[in-house]
Amino acid sequence: MTNRSRRVAVLGGGITGLSAAFYLLKLAGERGEAVEVTVLEGSDRLGGRVNTLRRDGFVIERGPDSFLGRKLPMIRLAEELGLIGELTGTNPQAKKTYISRDGRLVPMPQGLVMGVPTDGDKFMQTELVSEEGKRRALQEAELSEAAGTELQEGTKSADEPVGTFLERRMGKEMVERVFEPLLAGIHAGDLYKLGLEATFPQFKRMVEEHGSLIAGTRAAQLAAAAAKEGGAARSQETPELPASVFLTFKNGLSTVIEAMEQQIRAAGGEIRLGAKVRELEASASSEGAAYRLHMLDGTVCEADQVVVTLPAYAAAELLEAHTDVNALSAIRYVSVANVVFGYDAAGFGHDLDGSGFLVPRGENRLITASTWTSAKWRHTAPENKRLIRCYVGRAGDERGVELDDEAMIAGVRGDLRDLMGLEATPEFAEITRLRHSMPQYPVGHVGAIADFRAKLARKLPGVYATGAAFAAVGLPDCVAQGKRAAEEALLGS
Ligand code: FAD
């Protein structure tokens, strides 16, 4: 590099890419270093999967709808963007979640944390699982760490599918009726194909450290109660923070995208829309920029460093000419759709006494889950209106996503009628098809990504690959990954 300022290209304008660009400019500013940041986004809008539609007083999320408040990178970002006052939590009155069993909505047992029963007496009262299934689940506390495996006691287990792990710990019925709808929904995945280490690493740790999931979950609950003081300290710093497990922004998640866009531009960053990168060329000359990025429209962007935040299949296409991309090609993507219905409260005919319901795979419905949005998130609909969101499509069953609008609406309304008794006619429907949107981390993903990154650093120094395909899909995880890439690019650590 010569004396000119460092040029960094960020590929992808989703939450990971924008976080990378925002923190590159912020950190460089704090260090008094000049950096030219260019975000290259292939589509005609920023946000990637984050996409809020505001219409007629409704706040409708076409992609993610909230984030976990205990994962701090998003809170810190909100603070840095001056958005803490915009945060809002779930309605405490809408706590109940239902799971369908044989076409009926059954309340989720109390005391269940990520599917793990922590209160045996309450759990034994549920109709969701048979008596035998409940007893089998509670026996988990007595099982050895290696139970159900070929391993000797004290031997470290390799990665394994989430479903296999949970089945040997808690029994098959619990997997089918509780864990599958609850956990697989986060990835629209198949628990028997998702790798444990990448997807739910905390489960593995609980068994290693506490002997069982039940003991580990109870210990985590005690630790959370003890950390309430820490929580109080946090709310003293940011008194406006709502006390809620999940948080979002009053005017939708796109608020954070819009604020980052504004700050990136204000700090001198460039954002190019419609800039689909089709080739990354490593330049041989030591004088000029190390990389040339060729766009589909024939334009070129030169950069000394490149942060790639694209979905795995798009990153693989760009990088395969330079390095082994098997770890990226192994990540399959599932397509999903979401259907949002807006209703008038008059004649709606249902009291929405909870946050929604989940549908296990075996129930054979078009809907995989439904959020009673206006009950769970009060800011999302005017007082006299109701908003419901339904998800369609999961690993192994993505056909519903391609139904035409009419068939999709009829199918989803049919499921709502059968499961909730909801006959009301919606005033409007918003359908969003999110094709190839849910990355499925395979068994061995963590190790494969570490190897991929080590090779990438050798073959293309100054090129970083990160985002939802890599470490975790949650929005705070994406923010953390974008920030980390910015730190690596600037500080080399
Ligand atoms: P993306 O958002 O996919 O951004 C990548 C960007 O790269 C896109 O803008 C794309 O247009 C662009 N791009 C692709 N190819 C090129 C190219 N060749 N050149 C230039 N640009 C290109 N997480 C939560 O925490 N809470 C939730 O409630 C939640 N719900 C979800 C619901 C759904 C339906 C989905 C799909 C995801 C959900 N997630 C949720 C996960 C979360 O939304 C994603 O993990 C996150 O938004 C991914 O951000 P990203 O920036 O890594 O990728």
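Quick notes on this structure:
- Relative to the longest principal axis of the Cα atoms of the chain, the long axis of helix 475-491 lies at roughly 20 degrees.
- For the stretch 80-168, the set of trypsin sites (Lys or Arg not before Pro) satisfying both a DSSP loop assignment and a count of at most 14 other C-beta atoms within 10 Å is given as Lys95, Lys156.
- When Val336, Val443 are compared by accessible area of protein heavy atoms, the largest-first order is Val443, Val336, using a 1.4 Å probe.
- Each principal axis of the chain carries a Cα extent, and these read 72, 62, 49 Å when sorted largest first.
- Annotation note: GluC sites (Glu not before Pro) in the stretch 93-179 located in DSSP loop regions with a Cβ neighbour count of at most 14 within 10 Å are Glu127, Glu150, Glu153.
- Where GluC sites (Glu not before Pro) fall in DSSP loop in the stretch 352-443, at most 13 other Cβ within 10 Å: Glu383, Glu423, Glu427
- Estimated dipole of the stretch 332-440 in Debye, rounded to 20 [Cβ of Lys and Arg +1, of Asp and Glu -1, Cα centre]: 460 debye
- The accessible surface of the stretch 1-151, taken with every protein chain in place and a 1.4 Å probe, is 46 percent carbon and sulfur.
- Alpha-carbon centroid distance for the pair the stretch 242-298 / the stretch 391-440, whole angstrom: 31 Å
- The alpha carbon centroids of the stretch 82-100 and the stretch 336-378 are separated by 15 Å.
- Student exercise, the chain dipole from Lys, Arg, Asp, Glu Cβ charges, in Debye to nearest 20: 420 debye
- Here the gap between Ala321 and Leu296, fully extended at 0.36 nm per residue and compared with their Cα-Cα distance, gives a gain of 7.3 nm.
- Axis of helix 213-226 versus longest Cα principal axis of the chain: the two differ by about 70°, to the nearest ten degrees.
- Average accessible area per residue (Å²) across the chain - probe 1.4 Å, nucleic acids and ligands excluded: 44 Å²
- Nearest 10 degrees, 0 to 90: helix 228-237 Cα axis against the chain principal axis: 50 degrees
- Taken over the alpha carbons of the stretch 368-493 as equal point scatterers, the Debye sum produces base-10 log I(q)/I(0) values at 0.11, 0.15, 0.21, 0.22 Å⁻¹ of -0.62, -0.87, -1.24, -1.32.
- Under 12 Å, Cβ to Cβ, from Asp190 - net charge with Lys/Arg +1 and Asp/Glu -1: +1
- Which listed pairs, of Lys95/Lys134; Lys172/Lys193; Lys95/Lys122; Lys26/Lys483; Lys276/Lys455, have C-alpha distances above 20 Å, in listed order: Lys95/Lys134; Lys276/Lys455
- If R0 is taken as 51 Å, the Cβ-Cβ distance between Asp451 and Asn91 corresponds to a FRET efficiency of 0.70.
- Using just its DSSP H runs of length 4 or more, each adding -39500 (n - 2.57), the chain gives a mean residue ellipticity at 222 nm of -9500 deg cm²/dmol after division by all residues.
The values are calculated or read from the model by the stated rules, or taken from the named source; none is laboratory data. In this text the structure is predicted, and so the values were computed from the model without any measurement. For neighbour counting, all protein chains shown are included, and Cβ atoms are generated from backbone atoms with ideal geometry for every residue, glycine included. For accessibility, only protein heavy atoms count, side chains too; no ligands or nucleic acids. Shrake-Rupley method; radii C 1.70, N 1.55, O 1.52, S 1.80 Å.
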